[in-house]
Amino acid sequence: MSRPTLRTELCDRIGIEYPIISAGMGPVAGTGEPVATAELAAAVSNAGGLGMIGGVSYSPDQLRAEIHKVRSLTDRPFGVDLLLAPSFLIPIGKKERAAAAKMKPPSLPSGHIETMQKIAEELDIEWHSAPPDTTEMGSWVPEGKSWAGSQIEVLLEEEVPVFASGLGSPEPFAKTLKAHGVTILALVGNVRAAEQVRSGGADYVVAQGTEAGGHTGRIGTLALLPQVMEAVDPTPVIAAGGVSSGRALAGILATGAVAGWCGSVFLVADEANQPELQKERILSAAAEDTVVTRLYSGKTMRNIRNPLIEAWERHGLDALPMGQQAELIKDISHSIRVAGREELLMNAAGQTAGMLKQRRPAGQIVAEMAQEAAEILAHDLGTRIQAST
């Protein structure tokens, strides 16, 4: 079968064959390790799409090593997805390190702790306190530089062609990135954020609908997409949320999007760096089996439903701010691992989980999506429109 033709201006700018981007997924499987590592990114790029590394949790040295690994696996364009949260932009110096060493973490509400212990008892999980965390993000960062800034430096030194801001505006680094020829993508979940990242230097705005897995907003993709397009015109827009098939890809391209940002479909790819159990739970799920919860991070996150999430929602606790919420669930997460109940850990996935039924290599996923989308756009869509007029 000949390779389909499916190109947009994004393909021409970046030098890829198909407008298919694999989301730069970080630690979304409860393991603490990124799902979108070099193997997945390279496989997508080799197949003609744009593979992304989920780099948020990597130290500068780890990120550099992962970039080198991608380049050992492909000679095609790829990108890196990082977070530009305000706390990641604060320069770290001797005073900050000394203050951090003396600073005690904010105490957690006793009622929240007691409720988590009660939930563990309800789920028949023996309570174990998590061992102290010996890794300190600040210790990995050169003095006087921010966490995000030190990661961006690696991207510039390694001449990574595409950068995606999964959270926050690219404005602090946009001028430097553009001077080095880096194409900037920025993810948003509403129109206000789209206008901010456009003004902050994004070359492409990624409009992510609530259907998406992981951290997500409240507006559906087909409602959000045209509003973002109108708000940021003439900046091109990429669609995310629900893009797990050629049909969906054809749909968002027909609206005027220049690519699909695809996460859930690659969560079950052979190259995805997550446990088999998490992949199996996605493959066996129906669309109704995902739920948006603040349990795991304090922010809205779409996951495969499980008894821990249900117990959390049933008790009606307000989530703590991001960071504190992770501290709150640290002990119960450790207890879950000790008990061998990994099905209760984070298992991010979008509503398209209901259509994902088999494991495939990432290259096959890209090829099948491109083929189906090209056929619909070239033939089926035109036939249907003609037949209805």
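The values are calculated or read from the model by the stated rules, or taken from the named source; none is laboratory data. Predicted, not measured: the structure shown is a model, and the values here were computed from it. Cβ sites come from the backbone with ideal geometry, for glycine too, and all protein chains shown count toward neighbours.
Can you tell me how many residues within region 164-182 are modelled with pLDDT of 95 or more, within 23 Å of the chain's Cα centre (by Cα) and not charged (D, E, K, R)?
Number of matching residues: 9.
Quick one: how many residues across region 71-94 are more than 18 Å from the chain's Cα centre (by Cα) and either within 30 Å of GLY48 (Cα to Cα) or modelled with pLDDT of 95 or more (or both)?
Selection size over region 71-94: 7.
Does any residue of region 95-108 turn out to be at pLDDT 75 or above, in a helix (DSSP H, G or I) and surrounded by 15 or more Cβ atoms within 10 Å (Cβ to Cβ)? Working first, answer last.
In the first step, residues of region 95-108 are kept if they are at pLDDT 75 or above; the result is 107-108.
If we keep only those that are in a helix (DSSP H, G or I) as well, we get none.
No: zero hits.
For region 34-54, check the following and say yes or no: at least one residue is surrounded by fewer than 17 Cβ atoms within 10 Å (Cβ to Cβ), of a type outside the set (S, T, N, Q) and out of contact with any strand residue (DSSP E or B) (no Cβ under 8 Å at 6 or more places or on another chain). If you could, list the steps in order and put the result at the bottom.
Restricting attention to region 34-54, the residues satisfying the condition of being surrounded by fewer than 17 Cβ atoms within 10 Å (Cβ to Cβ) are none.
So far as region 34-54 goes, no, none of its residues is surrounded by fewer than 17 Cβ atoms within 10 Å (Cβ to Cβ), of a type outside the set (S, T, N, Q) and out of contact with any strand residue (DSSP E or B) (no Cβ under 8 Å at 6 or more places or on another chain).
Look through ASP61, ASP12 and report the one residue that is of a type in the set (Asp, Glu), without any contact (Cβ under 8 Å) to a residue 24 or more places away in the chain and outside any loop (DSSP other than H, G, I, E, B).
The unique qualifying residue is ASP12.
Listed here are the residues, each with its yes/no results for (1) within 18 Å of ARG13 (Cβ to Cβ); (2) touching a Lys or Arg at 6+ places or on another chain (Cβ under 8 Å).
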| residue | (1), (2) |
| --- | --- |
| LYS175 | no, no |
| GLY181 | yes, no |
| VAL188 | no, no |
| ALA194 | no, no |
| GLY201 | yes, yes |
| GLY209 | no, no |
| ASP233 | yes, no |
| GLY242 | no, no |
| GLY246 | no, no |
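Need at least 2 residues that are hydroxyl-bearing (Ser, Thr, Tyr) and in contact (Cβ under 8 Å) with a residue 12 or more places away in the chain per element, so show me which helices (runs of 4 or more DSSP H) inside region 231-348 make the cut, counting only ones lying wholly within it. It would help to see each step written out before you state the result.
Numbers: elements: 246-255, 264-267, 276-283, 307-315, 324-328, 330-339.
In region 231-348, the matching helices (runs of 4 or more DSSP H) lie at 330-339.
Here's the yes/no breakdown for (1) more than 30 Å from ALA353 (Cα to Cα); (2) out of contact with any Leu (no Cβ under 8 Å at 6 or more places or on another chain); (3) of a type in the set (Val, Ile, Thr):
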{"site": "TRP127", "(1), (2), (3)": "yes, yes, no"}
{"site": "VAL141", "(1), (2), (3)": "yes, yes, yes"}
{"site": "VAL154", "(1), (2), (3)": "yes, no, yes"}
{"site": "VAL162", "(1), (2), (3)": "no, no, yes"}
{"site": "PRO170", "(1), (2), (3)": "yes, no, no"}
{"site": "ALA174", "(1), (2), (3)": "yes, yes, no"}
{"site": "LYS178", "(1), (2), (3)": "yes, yes, no"}
{"site": "GLY181", "(1), (2), (3)": "yes, yes, no"}
{"site": "ALA212", "(1), (2), (3)": "no, yes, no"}
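Given the conditions (1) under 30 Å from GLU114 (Cα atoms); (2) surrounded by fewer than 21 Cβ atoms within 10 Å (Cβ to Cβ); (3) among the aliphatic types (A, V, I, L, M), report the number of the one that MET346 does not fulfil.
Status for MET346: all satisfied but (2).
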